[in-house]
Amino acid sequence: MTKRNGEVAKLNVLDEPTRGLISLAAWIAVGSETQLRAAVKRAAEGAVEPMWVEEIILQSYLFAGFPRALNAAREWRKESGLPAPASNGDLAITAEALRVRGEETCAEVYGPLYARLRVNIRALHPVLDSWMVVEGYGKVLSRPALDLPRRELCIVAVCAVSGQDRQLHSHLLGALNVGASPNAIDATLDIIEDMCPTE
């Protein structure tokens, strides 16, 4: 998680591995098969931490759908030559632990807007609220192998390139809430500017 001793981890400047990760997240979300293959190749040949790539691929199913996550995982296995992990380390986590972990992470991302978010999502459908907390924030976004500021910047990129303006606004605020600086957010948007839809 991002909090250590009560302080939020800060991400002020994007290093090259983070820039590569953000670009990859965006290409997973909207790229053609050829574009995805090229993005995965760049990540494998670049300085992007392999565990970060694994986490962004897993995270992508929440924002880009299962087919794109599967395609990205397939390309990553081919290009990186790395095998899949031997086991799913989350098997021992109970549904209750995922709910608690999800509520904590979601509250961290949404800050003072968290309570209102939960009311609004429950009004859409209570199952969506449960899935958002347990599946999205508990099972996926709370995984410790990638810090929350980098996760949020990748979500910002994916929302921007896929034209999800309402969620983009929420995750721009979320990135700030978890410690990404305004400069890091601006740099993220610069990375994917040419991929964003025009109106």
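Put in line by how crowded their Cβ is, counting other Cβ atoms within 10 Å and starting with the fewest, Trp52, Trp131 read Trp131, Trp52. Is the chain rounded, prolate or oblate when judged by the Cα gyration tensor, a ≥ b ≥ c being the square roots of its eigenvalues, rounded requiring a/c under 1.5 and prolate requiring a/b larger than b/c? Rounded shape, in that the Cα axes give a/c under 1.5.
From helices alone, the chain scores -20500 deg cm²/dmol at 222 nm; the rule is -39500 (n - 2.57) for each run of n ≥ 4 DSSP H residues, then divide by the residue total. Distance between the C-alpha centres of the range 118-150 and the range 61-111: 12 Å, rounded to the whole angstrom.
The Rg/Rh ratio for the range 60-114, using Cα coordinates for both the radius of gyration and the Kirkwood hydrodynamic radius, is 1.11. Going from the residue with the fewest nearby Cβ atoms within 10 Å to the one with the most, Cys154, Cys159 rank Cys159, Cys154. For the chain, complete DSSP H runs whose alpha carbons reach 15 Å or more along their own long axis and whose mean Kyte-Doolittle score is 0.5 or higher are 16-30, 50-64, 148-161, 182-192. Each of Thr18, Thr188, Thr198 has some number of other Cβ atoms within 10 Å of its Cβ, and from fewest to most they run Thr198, Thr18, Thr188.
Taking amide H as placed 1.01 Å from N in the peptide plane, Leu11 has its amide H under 5 Å from the amide H of Ala180, Ser181, each at least 5 places away in sequence or on another chain. Shown here is the pair-distance distribution of the range 87-199: with all Cα-Cα distances grouped in 5 Å bins from zero up to the longest one, the shares run 2, 12, 19, 23, 19, 13, 9, 3, 0, 0 percent.
Each value in this text was obtained by applying a stated rule to the coordinates, not by laboratory testing. As the structure is a computational prediction, the values presented were derived from the model and not from experiment. Backbone-built Cβ (ideal geometry, glycine too); neighbour counts: all protein chains shown.
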